[in-house]
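Derivation of every value follows stated rules applied to the coordinates shown; laboratory data play no part. As the structure is a computational prediction, the values presented were derived from the model and not from experiment. With ideal geometry, Cβ positions are generated from the backbone for all residues, glycine too; neighbour counts draw on all protein chains shown.
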Amino acid sequence: MLLDKISLVLTIIGALNWGSIGLFRFDIVAWIFGGQDAVMSRIIYTVVALAGVWCISLLFRQHTTVTDDDTTRTTTR
């Protein structure tokens, strides 16, 4: 699903930003958009947070896989 992939990408971006803050005390989003209190920074933080919440649903979904012998199997993670 496209929304799943977008959410994962945004969550990875958020993780990289948090890694930058933790390792270097450098907030990439704030640097790009003019500080943590800038409107664009707050929008980015909110969108990344919503993507993270959406990714929680990925843990509880059933997934369908196709094996080499063309049989379909549904698994739950």
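Could you work out how much longer the chain between A49 and Q62 gets when fully extended? Use 0.36 nm per residue separation minus the Cα distance between them, nm to one decimal.
2.3 nm
Wrap a convex hull around the Cα atoms of the range 2-76, take a quarter of its surface area, and give that in square nanometres.
Values: hull surface 26.9 nm².
In nm², the orientation-averaged hull projection of the range 2-76 is 6.7.
What angle, in degrees between 0 and 90 and rounded to the nearest 10, separates the Cα long axis of helix 39-56 from the longest principal axis of the Cα atoms of the chain?
Value to nearest ten degrees: 20.
Taking Cα pairs under 8 Å and at least six residues apart, what relative contact order does the chain come out at, in percent? Present the calculation step by step, with values, prior to reporting the outcome.
On the way: 69 pairs, mean separation 21.3, N = 77.
Relative contact order comes out at 28 percent.
Measure nothing fancy, just the Cα-based angle from helix 2-24's long axis to the longest principal axis of the chain, in degrees from 0 to 90, nearest 10.
The two axes meet at around 40 degrees.
When D68, D27, D4 are ordered from fewest to most other Cβ atoms inside 10 Å of their Cβ, what list results?
Numbers: D68 5, D27 17, D4 14.
Result, fewest neighbours first: D68, D4, D27.
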